[in-house]
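One structure is given here, and the rest of the page talks about it.
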Amino acid sequence: MPLFPIGPVMQLTELTARQIRYYEEHQLISPARTDGNRRMFSLNDIDKLLEVKDLIDQGVNMAGIKHLFALKNQEANPILKAEKTERELSNDDVRRLLRKEIVQAGRFNLPTSNPGNMNRFFH
DNA sequence: GTTCTGACA
DNA sequence: TGTCAGCA
């Protein structure tokens with residue numbers, strides 16, 4: 001359901017074309033293409049971009065956003081959710097493991113002056 | 001006029 | 001990320 005090109009999307013999301021294209025490279029969105037290879041964004045794409053905007057504003061980098069999106073998708077996917085249940089992992093277990101992994105790898109570029117930010121993503 | 005890819009600082 | 005080049 002392709003709606004509008006990158007111009008309007010830039011205004012709606014307050015993101016630069018550079019950022020939007022970068023997020024596409026990292027598969028955070030998958031806008032359709034016109035015959036002339038122009039990107040056409042769906043409502044879904046714009047919704048995701050707004051979420052990304054929010055996280056970026058809070059200091060989360062690509063890796064962090066990918067993790068959070070993956071977590072969210074897992075919650076929404078019946079099959080994955082079922083697999084998780086089979087392993088008897090609660091949502092809190094998943095969050096604990098994710099936080100541990102991310103903290104160790106230092107994949108979040110949160111400012112040291114504001115370390116409390118991280119808790120908001122996992123609490 | 002608008003968007004695209006690639007590339008550099 | 002910003003920005004510039006060279007196309008379409």
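The values are calculated or read from the model by the stated rules, or taken from the named source; none is laboratory data. Nothing here was measured: the structure is a model prediction, and the numbers come from that model. As a convention, Cβ positions derive from the backbone with ideal geometry for all residues, glycine included, and neighbour counts pool all protein chains shown. When the accessible area is computed, the model is the full protein with side chains, heavy atoms only, and any ligands, DNA or RNA have been set aside. Shrake-Rupley method; radii C 1.70, N 1.55, O 1.52, S 1.80 Å.
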State the volume of the convex hull built on the alpha-carbon positions of region A:13-66, expressed per residue in Å³ and rounded to an integer. 73 Å³
Rounded to the nearest 10 Å², what accessible area does A:Met40 have for a 1.4 Å probe in the complete protein model? 40 Å²
Residues other than A:Leu12 with Cβ under 15 Å of its Cβ, Lys/Arg counted +1 and Asp/Glu -1, net out at -2
Under 14 Å from the Cβ of A:Leu49, count the other residues' Cβ atoms, weight Lys and Arg +1, Asp and Glu -1, and hand me the total. -3
